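**Q** The structure follows.
Laboratory data are not the source of any read-out in this text; all were calculated from the coordinates shown. Fair warning: this is a prediction, and the values are worked out from it, not measured in the lab. Cβ placement follows ideal geometry from the backbone for every residue including glycine, while neighbour counts extend to all protein chains displayed.
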Amino acid sequence: MAGAGQPNPPVTPRGLLAIFAHPDDESFGAGGVMALAAEAGNPVWVLCATNGDQGGRPGEVDVDHSLDPEIRRQELSCACQALGVAEPIFLGYRDSGMEGWGAPEGSLSRAPQDEVVERILAVIRQLRPATIVTFDPGGVYGHPDHVACSAVATEAYRRAAAEPGGPVALYHQALPRSAVAVMQAAQEEERRRSGDATPPSEDDLRQSEAIEKLARADEDITTIVSISSVLERKIAALACHDSQMRGRRWEDPETRAQMERMFGSETFVRVDPVMAPGEREDRFIALGWGR
Ligand SMILES: [Zn+2]
């Protein structure tokens, strides 16, 4: 550590830091870019703000509502191995649960914002990533932890970017309306095919309404990354999050075909450096991949 008043030694930032709220957010939203960045020789890390300990859902009798946080930590570790990235880093906050559940003591959405920002900043200073990815402000479907995570990670990026050796690019993971339509059609098809007559739970309905409402206009999306070359890794990472997958059968060829339609690409808004209106890119900058 340099003493007060001494210039810090020059550091060149490298690699990708993904900052998400729960184990599984990283694989759904950015598993493909993480695998691509790692394949290109970049260090890649996941910072997970909570232990995901409210990952069960009330009303689902066969799912333990207060899941053992150790299960989800292990699932994230498994996903990181599948993606070929470093072991996860946890901030250890409790999962706030879905809107209306009443966030518990010690949860991310109840933590003082500045405290969380400073903790993320400490991780950034230690790792020195070039590029950071987190949720967009709506958090895809408005989960209180996703919204909080986007705000604190974005603020931590801004503070870190102002320092020597700070990160140089910030991306927000976001779903365009066209992708939401494809996803909903795929889910509908899966329901029909499986003959599942159970009506969706209130939380499910609320979630799919929120996804529609919070989806971004397609023209807002700056960065569309084709992830077909690493799709196997993304699917393997998703399969690690077994406690969240509600018995999906990944080997089933029709499920597979749906995955390919739903997860052929990942979509982002580049927040910094700002892109010119109408400009688009097909990879993250500052990671030297695809050159
Ligand atoms: Zn989440």
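**Q** Provide the descending list of Cα extents for the stretch 72-114 along its principal axes, expressed in whole angstroms.
**A** Result, largest extent first: 35, 24, 12 Å.
**Q** Among P112, I211, A153, flag the residue with its Cα farthest along the positive direction of the charge dipole of the chain, charges on Cβ as +1 for Lys/Arg and -1 for Asp/Glu.
**A** Positive-most Cα among the choices belongs to A153.
**Q** Find out how many positive minus negative residues lie around V269, taking Lys and Arg as positive, Asp and Glu as negative, among other residues whose Cβ is under 9 Å from that of V269.
**A** Net local charge, V269 excluded: 0.
**Q** Quickly work out the E115-to-D252 label distance, labels modelled 7 Å from Cα along the C-beta direction, and quote it in nm with one decimal.
**A** The two pseudo-label positions are separated by 4.3 nm.
**Q** Right, another one. Please state the relative contact order of the stretch 202-291 as a whole percent: Cα pairs under 8 Å, 6+ residues apart? Intermediate results must be reported in sequence, preceding the final value.
**A** Details: 58 pairs, mean separation 42.6, N = 90.
Averaging sequence separation for qualifying contacts and normalising by length gives 47 percent for the stretch 202-291.
**Q** Same structure again: Just checking the chain: which Cys have no other cysteine's beta-carbon under 4.7 Å?
**A** When partners are defined as cysteine Cβ atoms under 4.7 Å apart, the chain leaves C48, C80, C149 without one.
**Q** If you don't mind, there's one more thing I want to ask. Debye sum, Cα scatterers, the stretch 65-204, no solvent: what log₁₀ I/I(0) at q = 0.10, 0.18 1/Å?
**A** With no solvent term, the Cα-only Debye profile gives -0.45, -1.27.
**Q** Okay, next question. Where Rh denotes the Kirkwood radius from the mean inverse Cα pair distance, what is Rg over Rh for the stretch 153-291?
**A** Using Cα coordinates only, the ratio equals 1.02.
**Q** While we're here: Just going by the charge dipole of the stretch 116-274, with Lys and Arg at +1 and Asp and Glu at -1 on Cβ, which of I124, V225, A181 is farthest out on the positive end?
**A** I124
**Q** Follow-up question, since we're still on this one. Please compute P(r) over all alpha-carbon pairs of the chain, binned at 10 Å starting from zero, and give each bin as a whole-number percent.
**A** 6, 28, 38, 21, 6, 1, 0
**Q** When the chain is fully extended, how far beyond the present Cα-Cα distance does R159 get from E281, taking 0.36 nm per residue of separation?
**A** Difference between extended and current length: 41.4 nm.
**Q** Hey, got a sec? Which GluC sites (Glu not before Pro) in the stretch 89-140 land in a DSSP loop and have at most 12 other Cβ atoms within 10 Å?
**A** Qualifying residues, ordered by number: E105.
**Q** Using the Cα centre of the stretch 16-276 as the reference point, and only Cβ charges (+1 on K/R, -1 on D/E), how large is the resulting charge dipole? Debye, rounded to the nearest 20.
**A** It works out to roughly 620 debye.
**Q** A further question on this structure: Taking the Cα atoms only, what angle lies between the long axis of helix 69-83 and the longest principal axis of the chain, rounded to 10 degrees?
**A** In the chain, helix 69-83 runs at an angle near 70 degrees to the longest axis.
**Q** For the stretch 184-253, what are Rg and Dmax over the alpha carbons, in angstrom?
**A** Radius of gyration, then largest Cα-Cα span, for the stretch 184-253: 15.0, 39 Å.
**Q** Among bridges DSSP assigns within the chain, what percent are antiparallel (round to 5)?
**A** On the way: 8 of 27 bridges.
The antiparallel fraction comes to roughly 30 percent.
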